[in-house]
Amino acid sequence: MQEAQKPAAKYALFSSYASHTLSQDADARKRKITDRNLPNALLQSPEFAEDSAMYRDLLQMERKLDWTMTRKRVEVHDALQRIIPATRTLRVFLSHTVSGQAWQREGLEGDAAKPNLETGENIPAWQLRIDGRVLEIPNQRAKDRVPPRKFSTLIKHMVVELDRDTNLYPEGNIVEWLRAPNQPALDGFTIRRKGDTPTKIRIVMHLDQQPEQYKLHPDLANILGIKEDSRTGVIQALWNYIKINNLQDKVDRRVVRADARLRPIFNADTAYFQHLPELVNRYLLPPDPIILHYTINPSVPPPEKPSAWDVEVKVDDSSLKSRMQHVVVSMAQDSARDLTKLDEEIALHIQSLHNAHMKRTFLRAFADDPRAFIQTWLESQSRDLESILASGPSEGATVRQEDLRRSEFFRLPWVEEAVAIQEGMRLAAKAGL
């Protein structure tokens, strides 16, 4: 009978195992192992207490590091939305050329030397060229370089004043350029005029700085020790002055108590911290323009090299922003991919450790008391087999019910013998044997 029972039991066990394995494979394709926590049995085991504590410390350190990296990434992303000021050197070049001047017509004869009013040939004239470019940062890596800004993008307003005799040249002695929206960027400006007399030129440039710069009123400038800065920079300097001189109220920290130098600025003995920007705005003036002087003398050949002036200008640090963007985007993607791979490996190792611990516990229990272990194990297997073959919501039960619907199931060789033995045992029990 023992041999006859094996096919049915084997079939039921195989069906249950096969369906369970297929279900596990399907789940494995849908999800990955992500649990990196040690099993509680290992954590509570005195034998592995030290190693478990070290691993928990590593997990805690990783959480802190992840939080710090996330916070820094958010800070960098926020900084990219704002202006990052940097001081650069703007080099302005002034040069000129002449045409149709007397010294240029020497050696010409006849009509070739006479001015032609129709074609403009041989009419004395000169041309002023104003160029500018931002100097590159010394020792900058090639991959960190960004395309330089055009000269006109650094100028808000420019006025060129020509000191000429108004009787001879009544018009065109003042040239003004004002940057307009959607205006194409230019590398320089060209001014053409007719004439053969020496001309003094005064160029007034108002720079477009980022962030916008202001000139401080002398009353505030003498207190803070700065002459020109952005609005944020001036407020920060004032706040530093308040902290250094301990002018913040001891009880109400929102109140600033003015000293002898700040009292004329506040027009009161105290002021609230939120009112400081409004007070500072009263002492901010437009910055002084850049003034350049140049002289054109058409009677002599122009110099071979242009005249140059260096001007400091505040600009948005696009080079630093590009590096920060690279850190946030490119390096973040690479790091995330590597970290995900490492997390998966750690999770697999933890799963292997869990399986190894279960095997170790199984074998140790067997080694301590083989007889009791085998008895307990057989009872457990018996309960599992009964659960598989019994009716219920499990997958094994559906196999059993499907078998019971078929009449062939009851015609198997072992069924008749099993019924006879079961009936004999029932009769024997009834007879008291």
At 7 Å along the Cα-to-beta-carbon direction for both residue 288 and residue 136, put a label point, then send me their distance in nm to one decimal. 3.3 nm
If each residue of separation counts as 0.36 nm, what is the full-extension length gain between residue 268 and residue 52 once their alpha-carbon separation is subtracted? 71.3 nm
Förster-model FRET efficiency, 25 Å R0, residue 83 and residue 247, C-beta, rounded to 0.05: 0.25
The FRET efficiency for residue 428 and residue 374, from their Cβ-Cβ distance with R0 = 35 Å and rounded to 0.05, is 0.75
Net charge around residue 58, counting only other residues with Cβ within less than 12 Å of its Cβ (Lys, Arg = +1; Asp, Glu = -1)? +1
Expressed in square angstrom to the nearest 10, the accessible area of residue 106 with a 1.4 Å probe stands at 140 Å²
Rounded, prolate or oblate: which fits the range 275-358 when a ≥ b ≥ c are the square roots of the eigenvalues of the alpha-carbon gyration tensor, with rounded for a/c under 1.5 and prolate only if a/b beats b/c? oblate
In terms of modelled amide H atoms, which long-range or inter-chain residues lie less than 5 Å from the amide H of residue 101? 125
Gain upon complete extension [residue 156, residue 69; 0.36 nm per residue less C-alpha separation]: 27.3 nm
From most to least accessible, 1.4 Å probe, no ligand or DNA/RNA atoms counted, 251, 98, 300 line up as 251, 300, 98
In Å, what Rg and Dmax follow from the Cα atoms of the range 172-254? 22.1, 75
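The values are calculated or read from the model by the stated rules, or taken from the named source; none is laboratory data. Being a predicted model, the structure only gives us computed values, none of them experimental. All Cβ positions, even for glycine, are placed from backbone atoms using ideal geometry, and neighbour counts span all protein chains on display. What goes into the accessible areas is simple: the full protein's heavy atoms, side chains included, and nothing from ligands, DNA or RNA. Shrake-Rupley method; radii C 1.70, N 1.55, O 1.52, S 1.80 Å.
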